[in-house]
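Trainee: Quick one: the structure is below, questions incoming.
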Amino acid sequence: MSLTDPVPATRAFACPRCEQQVEEAWYGPCTSCRQELRSHLRGEAHELAAADYVPKMNVTPNAVATKD
């Protein structure tokens, strides 16, 4: 293979999850394994509430911030 050869659109390899011979564009789980993983591992999105920042007791404000 030389540098002037075009990059193939797909490659044949063994799926690392199910070990079946597949032809895919990228190395990784095959299409059926990806669909199975998505159906089993997909979760619902939810809002995370962050707690208000409370400085530690050993932190003191600087003189510029407290200037009246």
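Trainee: For LEU37, LEU48, what's the fewest-to-most ordering of other Cβ within 10 Å of each Cβ?
Mentor: Numbers: LEU37 12, LEU48 5.
So the residues, fewest neighbours to most, are LEU48, LEU37.
Trainee: What distance in nm separates the simple spin-label points at GLN20 and THR4, each placed 7 Å from Cα in the Cβ direction?
Mentor: It works out to 4.0 nm between the two label points.
Trainee: Which loop-located chymotrypsin sites (Phe, Trp or Tyr not before Pro) does the stretch 1-32 contain, where loop means any DSSP state but H, G, I, E or B and the Cβ has at most 15 other Cβ atoms within 10 Å?
Mentor: Hits after loop and neighbour filter: TRP26, TYR27.
Trainee: How many nm separate the modelled label positions at ASP52 and GLN35, each set 7 Å beyond the Cα in the direction of the Cβ?
Mentor: Inter-label distance under the simple model: 5.1 nm.
Trainee: Amide H of ARG17 versus every other amide H placed in the peptide plane: which residues, excluding those fewer than 5 positions away on the same chain, fall under 5 Å?
Mentor: Under 5 Å from the amide H of ARG17: CYS30.
Trainee: Another question about this same structure. Give me, ordered by chain and number, the residues 5 or more places off GLU24 or on other chains with an amide H under 5 Å from its own placed amide H.
Mentor: Hits under the 5 Å cutoff: ARG11, PHE13.
Trainee: Right, something else. Count neighbours as other Cβ atoms within 10 Å of each site's Cβ, and list the GluC sites (Glu not before Pro) in the stretch 6-54 that are DSSP loop with at most 10 such neighbours.
Mentor: Counting only loop positions with at most 10 other Cβ atoms within 10 Å, the GluC sites (Glu not before Pro) in the stretch 6-54 are GLU19, GLU44, GLU47.
Trainee: Check each of the trypsin sites (Lys or Arg not before Pro) in the stretch 1-52 and keep only those in coil by DSSP with at most 10 other C-beta atoms within 10 angstrom; list them in order.
Mentor: Passing both the DSSP loop test and the Cβ count: ARG42.
Trainee: Which value in nm describes the separation of the simple spin-label points at TYR27 and ALA45, placed 7 Å from the Cα toward the beta carbon?
Mentor: About 3.2 nm separates the two model spin labels.
The numbers here are math on the coordinates, done by the rules we state, and not lab data. All values derive from a computational prediction rather than experimental measurement. Cβ atoms come from the backbone with ideal geometry, glycine included; neighbour counts cover every protein chain shown.
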